[in-house]
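Structure, as structure tokens:
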Amino acid sequence: MSTYYHLDTMQKSRSKIRPQWAREQGFALIEVVMTSVVLGIAVVGVALMLSSACSFTVAQGDGRVAFYLAQEKLENLRALGFAAVPINPGGSCSGPPYGMTCYNESGLTAGEDQVQTFTRVTLVECVAKSNLNTAIACPTPQVLKRITVTVTPSMRQADPVVLQTVLACQQC
């Protein structure tokens, strides 16, 4: 009788344990799914952050190259001398129709693999000594020329670089 009683209590205890254990297996599956979802969201966030950081780094590099391209153009025009920097009345740049020359160079490339592309716009205008910010109709003789160079990288994240200088006539 004791063996029968022992088997009977084991069967009763199994019947109590088994449904509880079965429920715990279902909770474990839900826990794994929820953990996977949380981990997936975290991985996507980290991947987006790394992608943005990479784009920002490339944009900073493009900004430096744009600065050097603008500086190069200014130095080349200054090296020509005041008289050799032309002023063309009715130039093709947007803005007032004062005496100006506009050089528009698109498709400039830079870098080792020549994949960085830039657009460089150079504007030469006459200005008065009293107000260097406003272009005027060129007097004769011309006394001051303002040169503005704008270099725009093709990458949207990089800002355009604008450099200006004023050339004065030494003989005037």
Checklist outcome for this item: Of the residues in the range 155-165, those that are open to solvent by 50 Å² or more (accessible area, probe 1.4 Å), touching a residue at least 12 places away in the same chain (Cβ under 8 Å) and assigned to a loop (DSSP other than H, G, I, E, B) come to Gln157, Asp159, Pro160
Checklist entry - Going through the range 117-172 one residue at a time, which ones are closer than 16 Å to Val85 by Cα and touching a helix residue (DSSP H, G or I) at 6+ places or on another chain (Cβ under 8 Å)? => result Thr122, Val124, Ile147, Val149, Thr165, Leu167
Checklist outcome for this item: Flagged in the range 136-154 as assigned to a strand (DSSP E or B) and either over 37 Å from the mean Cα position of the chain (by Cα) or touching a residue at least 40 places away in the same chain (Cβ under 8 Å) (or both), in numbering order, are Lys145, Ile147, Val149, Thr150, Val151, Thr152, Pro153
Next on the checklist: Given the criteria at pLDDT 90 or above and over 30 Å from Ile147 (Cα atoms), does Met10 qualify?
Outcome noted: no
Item to check | Residue check for Ala79: among the aliphatic types (A, V, I, L, M) and surrounded by fewer than 10 Cβ atoms within 10 Å (Cβ to Cβ) | outcome: yes
Checklist entry - Under 9 Å by Cβ, and 6 or more places apart or on different chains, what pairs join a residue from the range 43-59 that is in a helix (DSSP H, G or I) with one that is at pLDDT 85 or above and open to solvent by 90 Å² or more (accessible area, probe 1.4 Å)? => result Ala59/Asp159
Checklist entry - Of everything in the range 99-135 that's on the phi < 0 side of the Ramachandran plot and not in a strand (DSSP E or B), which residue is most open to solvent (accessible area, probe 1.4 Å)? => result Glu112
Checklist entry - Restricting attention to the range 22-74, which residues are basic (Lys, Arg) and modelled with pLDDT under 90? => result Arg23, Arg64
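The values are calculated or read from the model by the stated rules, or taken from the named source; none is laboratory data. Bear in mind that the values here come from a model prediction, so they are computed numbers and not experimental data. A quick note on method: Cβ atoms are made from the backbone with ideal geometry, for glycine too, and the neighbour counts reach across all protein chains shown. Areas reflect the complete protein model, heavy atoms only, side chains present, ligands, DNA and RNA absent. Shrake-Rupley method; radii C 1.70, N 1.55, O 1.52, S 1.80 Å.
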